[in-house]
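Below is one structure, written out as structure tokens; the observations come after it.
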Amino acid sequence: MRPPKDFFAPLAVGAPDPVREIPFRPSRMIHFFDPSNEKMRGKVPDMAREVDVLLGNLEDAVPTDRKETARAGLVEVARTADIGDTQLWTRVNSLDSPWVLDDLITLVTEVGDKLDVIMVPKVEGAADIHYVDQLLAQLEARAGLRRPLLVHAILETASGVANVEEIAGASPRMQGISLGPADLAASRRMKTTRVGGGHPGYLVRTDPSREDETGVHEGRTTYQQDLWHYTVSRMVDACAMHGILPYYGPFGDIRDVVGCEDQFRNAFLLGCVGAWSLHPKQITIAKKVFSPAPEDVAWARKVIAAMGDGTGTVMIDGKMQDDATVKQCRVVAELADELAARDRELAEAYDAATEKVMAE
Ligand code: GLV
Ligand code: MG
């Protein structure tokens, strides 16, 4: 364990100073693309206009014989594509794979100044982050980088979940954590065969009525439960405790836009700031879900205005407001301001709704 006084010291001579605060930049959707696919690489500038984060994926979903092409493809994209102020992230191969060392060496030394965040899969504990932290510092020094790269962990092993708090606090580089429901299900030996989402067999059922005791079980309503509630909640707490950002990960059933929206919204309401998008349809869903609704923003702004210095209580529409509600409203209003700064349409919707609510 590094002593607190050294926590913000660079880990290699010549490496940039670590950040003291994780910048909140809109990241409602982390859009995955395969940089080994030339057609996909050509679409990068267009994709960049639609998303907050573009992620060049080098890990799962890229076949073994295309790993090196994917790495080289990402270097080419980072060097040549105009992506404006959209963030560029990558997901490198896992730390036990034969590719990760070259992924990190190549990307940091060749295009480290173009990348914002490195996503590390299958993180098991703080030791994995310490390894990446030190290596990145050495490579940043070699590349002469002025800005430290940030690290994002995927929560997709049972041991990662058991250690999520220490992972979140393992380095000042830690930017955030994503739920990785597919690998996590396998690691936990869950009996599902899907990527994210619920399962009709995981449910609660209303109690039997008196007749049911005689063997009739008709009319007992069932409700499907959320397989990910515990993990997402725990991840959100770990991230909030360390000032970093939590995300839902992938939702694999691209056609099930409704189920996807529900999962994303649950994560948003619990505290997540974004999710992965694997298809253009999911970009639209994430934009909708992870941008607070105009009515909620208008309400939040109204409460903040009515609460003055934030102390005491006021009644608005029969609902008590106090210190704690104004704090919740600030979360919503500040997020809205950050998103509005990047999205003119959203800014107009927020202002129009606010004007209406203030006039009531
Ligand atoms: C993502 O990588 C997952 O395994 O769900
Ligand atoms: Mg995975």
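Matching residues to (1) within 16 Å of ligand 1 (Cβ to nearest atom); (2) surrounded by fewer than 20 Cβ atoms within 10 Å (Cβ to Cβ); (3) under 24 Å from the mean Cα position of the chain (by Cα); (4) not in a helix (DSSP H, G or I):
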| site | (1), (2), (3), (4) |
| --- | --- |
| Ala72 | no, yes, no, no |
| Ile105 | no, yes, no, no |
| Glu110 | no, yes, no, no |
| Val123 | yes, no, yes, yes |
| His130 | no, yes, yes, no |
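Anything in segment 74-89 that is assigned to a strand (DSSP E or B) and touching a Lys or Arg at 6+ places or on another chain (Cβ under 9 Å)? List them, or say none.
Scanning segment 74-89 gives Gln87, Leu88.
Please go through segment 271-289 and pick out each residue that is closer than 17 Å to Gln328 by Cβ and crowded, with 24+ Cβ neighbours inside 10 Å.
If the condition is that a residue be closer than 17 Å to Gln328 by Cβ and crowded, with 24+ Cβ neighbours inside 10 Å, then Cys272 is the only one that fits.
Check whether at least one residue in segment 253-269 is more than 16 Å from ligand 2 (Cβ to nearest atom), within 21 Å of Glu360 (Cα to Cα) and not in a loop (DSSP other than H, G, I, E, B), and report yes or no.
No - not one qualifying residue is present in segment 253-269.
Checking Thr284 against (1) farther than 24 Å from Val161 by Cβ; (2) touching a Cys at 6+ places or on another chain (Cβ under 7 Å), which single condition isn't satisfied?
Status for Thr284: all satisfied but (2).
How about segment 10-23: which of its residues are of a type outside the set (Val, Ile, Thr) and exposed (fewer than 13 other Cβ atoms within 10 Å of the Cβ)?
Asp17, Arg20, Glu21, Pro23
Please go through segment 255-279 and pick out each residue that is more than 16 Å from ligand 1 (Cβ to nearest atom) and hydrophobic (A, V, I, L, M, F, W, C).
Correct list: Val257, Val258, Phe268, Leu269, Leu270, Val273.
Return yes or no: is Arg2 charged (D, E, K, R), modelled with pLDDT of 95 or more, more than 30 Å from Asn266 (Cα to Cα) and surrounded by fewer than 19 Cβ atoms within 10 Å (Cβ to Cβ)?
Answer is no for this residue.
Considering only segment 167-245, give the strands (runs of 3 or more DSSP E) lying wholly within it that have at least 1 residues that are touching a Pro at 6+ places or on another chain (Cβ under 8 Å).
So the answer is 174-179, 222-224.
Among Arg188, Arg194, which is within 13 Å of ligand 1 (Cβ to nearest atom) and in contact with a Gly (Cβ under 8 Å, 6 or more places away or on another chain)?
Step by step, each of Arg188, Arg194 is checked, and only Arg194 is within 13 Å of ligand 1 (Cβ to nearest atom) and in contact with a Gly (Cβ under 8 Å, 6 or more places away or on another chain).
Residue under question is His152, and the condition is that it be more than 16 Å from ligand 1 (Cβ to nearest atom) and either assigned by TED's automatic domain parsing to the domain that holds Ser94 or surrounded by fewer than 20 Cβ atoms within 10 Å (Cβ to Cβ) (or both); does it hold?
No.
The values are calculated or read from the model by the stated rules, or taken from the named source; none is laboratory data. From a predicted model like this one, the values you see are computed outputs, not experimental measurements. Backbone-built Cβ (ideal geometry, glycine too); neighbour counts: all protein chains shown.
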